[in-house]
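The values are calculated or read from the model by the stated rules, or taken from the named source; none is laboratory data. A quick note: this is a predicted structure, and the numbers were derived from the prediction, not measured. Every residue, glycine as well, gets a Cβ built from its backbone with ideal geometry; the counts of neighbours run over all protein chains shown. Ligands, DNA and RNA are excluded from the accessible area calculation, which covers all protein heavy atoms including side chains. Shrake-Rupley method; radii C 1.70, N 1.55, O 1.52, S 1.80 Å.
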Amino acid sequence: MTFETFLLERNQSLYENEVELNLTESGVEPLTLAELLTQAELTELTSIRLGYNFTEGTPQVRAAIASWYPGATADNVLVTTGAAEANFVAYWTLMRPGDRLAMMLPNFMQMHGLAASLGHEVRPFMLAPGNDGWRLDAASLASAAEGARLIAVCNPNNPSGAVLDEDEMAAIVEAARANAAWLLVDEIYRGSELDGRPETRTFWGRYDKVIITSSTSKSLAHAGLRVGWVVAPPALITELVKRQDYTTIGTGPLNQYLAALLLTPARREQILARSRGIIGRNLEVIQAWIDRWNGRLSWRRPEAGGMAFVHYDFRIGSSELSTRIREAESVFVVAGDWFGLDGYLRIGTGGEPEHLVEGLARVDRVLAKL
């Protein structure tokens with residue numbers, strides 16, 4: 001068995017706590033418990049016994065998650081330790097020796113690393129940058145999906161911030177149906193739509209072999225809870241739970257209590273509205289920064305998500321540029337080639353605006369010397 005290093009996560013783990021300004025996060029600044037909870041909820045939290053919990057998730061948290069997916073019930077939900085475990089147990093359950101993965105690029109590269117490590121063929125299909133944003137390349141989708149057991153999509157997309165339109169979603173579902181493939185959709189940035197766009201429509205309910213993964217991170221702002229989930233047909237959930245017995249067994253009672261509160265529809269919408277406000281204000285900071293560079297920097301303005309995927313016109317690889325910025329200015333940004341697409345930097349837009357302004361000023365000093 002070979003092993004492929006997960007470059008994004010490994011580099012973040014190495015350096016995100018070593019720099020003065022970390023601009024690699026694609027989530028939103030979280031609330032404290034005192035800000036998130038009422039006094040009665042804080043009191044109830046302190047009364048929870050720290051024993052084993054429902055390994056598949058409490059009925060309350062599973063019902064709260066299901067409420068975000070029309071037609072889903074608690075029986076369609078498995079609670080996991082973050083979306084990373086959700087993706088892992090789904091992949092582990094479904095993929096067999098000799099199977100093929102069709103994967104959207106650019107993308108969070110967890111699936112790519114799992115496929116490479118487990119000996120599965122990866123066939124990419126592309127989101128391509130154009131005048132109207134990042135759009136699905138239908139020809140590459142058709143080629144990649146042929147004979148695939150699993151099609152992996154991220155919508156809204158990480159790192160581009162693109163949101164698939166109805167025609168693109170329909171094309172992906174049709175490609176899965178034509179090949180009897182499972183369709184796994186990472187929807188972790190759903191709810192963080194920008195510039196007044198409506199909430200991204202879920203893939204759930206469009207096909208009987210759809211799997212949704214997500215978590216309380218990113219749009220929902222509370223990555224430290226480490227609560228993720230899978231929404232899938234009940235028969236598949238039964239198989240996923242068996243694999244989770246070999247990974248984390250389940251999440252803790254405090255985490256699940258907090259997630260159940262956060263994910264109730266009214267509070268969920270309050271948190272998402274807060275996230276959209278923070279990201280939207282920071283997006284204007286990025287826009288002004290790009291404009292000052294007179295074409296040396298460019299982007300397709302993101303439609304959702306807490307990140308800006310910025311193309312640069314300098315003769316330097318993105319990993320080298322990320323390293324140079326970090327070492328020279330103690331600012332950490334994500335290299336585009338960690339998503340399979342060089343010539344870009346991903347910059348987080350969900351943090352404190354003054355940190356973003358200062359970080360970009362420091363990036364300017366490095367770019368000015370190239």
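Some observations on this one:
- Exposure check, 1.4 Å probe, all protein chains in place: Y15 carries approximately 70 Å² of accessible surface.
- Principal semi-axes in Å for region 130-205 [√(5λ), Cα gyration tensor, largest first]: 22, 14, 10
- Rolling a 1.4 Å probe across all protein chains gives H355 an accessible area of roughly 90 Å².
- Ranking L141, I237, W68 by how far each Cα lies toward the positive end of the dipole of the chain (charges on Cβ) leaves I237 at the top.
- Mean projected area (nm²) of the alpha-carbon convex hull when region 120-264 is viewed from all directions: 10.1
- Full-extension gain in nm, E269 to E121, via 0.36 nm per residue minus C-alpha separation: 49.3 nm
- In Å², nearest 10: area of D132 left accessible to a 1.4 Å probe: 110
- Inter-label distance for Q287 and I249, nm, one decimal - labels placed 7 Å from Cα along Cα-to-Cβ: 5.1
- The mean of 1/r over all distinct Cα pairs in region 1-136, once inverted, gives the Kirkwood hydrodynamic radius of 19.1 Å.
- Helical mean residue ellipticity (222 nm; -39500 (n - 2.57) per DSSP H run of 4+; nearest 500) of the chain: -12000 deg cm²/dmol
- Placing +1 on the Cβ of every Lys and Arg and -1 on the Cβ of every Asp and Glu, with nothing else charged, gives the chain a dipole about its Cα centre of roughly 300 debye.
- Under 5 Å, built H, 5+ apart or other chain: amide partners of A221: V28
- Centroid-to-centroid separation of region 1-75 and region 90-150 [C-alpha atoms, Å]: 26
- Positive end of the dipole of the chain (Cβ unit charges, origin at the Cα centre): among W289, M307, T200, the Cα lying farthest that way belongs to T200.
- Rounded FRET efficiency, nearest 0.05, which uses the C-beta distance separating T46 from E20 and R0 of 41 Å: 0.70
- Rounded to whole Å, the principal axis extents of the Cα atoms in region 62-204 read 42, 41, 25, largest first.
- Accessible area of region 111-164 divided out per residue, in Å², using a probe of 1.4 angstrom: 33
- Per residue value of the accessible surface for region 262-313 (all protein chains in place, 1.4 Å probe), Å²: 42
- Here the chain has an Rg and Dmax of 20.1, 58 Å, counting Cα atoms alone.
- Working from Cα pairs under 8 Å separated by at least six residues, relative contact order for the chain is 25 percent.
- If you take the alpha carbon atoms of region 32-102 and fit the smallest convex hull around them, that volume is 158 Å³ per residue.
- Only protein atoms count toward the accessible area here, which uses a 1.4 Å probe; on region 231-370, the carbon and sulfur part of that area reaches 52 percent.
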